[in-house]
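Working notes for the structure below.
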């Protein structure tokens with residue numbers, strides 16, 4: 001790659017979760033930690 005003057009590309013950091021995806025992730029964590037919900041039930045939220 002360096003012989004022809006090109007450099008390997010690096011992917012940058014992942015974009016932040018926003019909107020509905022963030023709300024769903026927070027609700028899943030809340031239900032697991034504070035409500036005693038089982039992990040297998042999270043898929044039904």
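Looking at region 28-45 only, could you name the residues that are in a helix (DSSP H, G or I) and touching a helix residue (DSSP H, G or I) at 6+ places or on another chain (Cβ under 9 Å)?
Result: 28, 31, 32, 39, 41, 42.
What are the residue pairs meeting all of these: first residue in region 1-26, first residue part of a helix (DSSP H, G or I), second residue modelled with pLDDT of 70 or more and exposed (fewer than 10 other Cβ atoms within 10 Å of the Cβ), Cβ atoms under 9 Å, and 6 or more apart or on different chains?
Close Cβ pairs (under 9 Å, with a partner that is modelled with pLDDT of 70 or more and exposed (fewer than 10 other Cβ atoms within 10 Å of the Cβ)) amount to 22/16.
The values are calculated or read from the model by the stated rules, or taken from the named source; none is laboratory data. What you see is a predicted model, and the numbers here were worked out from it, not measured in a lab. Ideal geometry is used to build each Cβ from the backbone, glycine not excepted, and the neighbour counts take in all protein chains shown.
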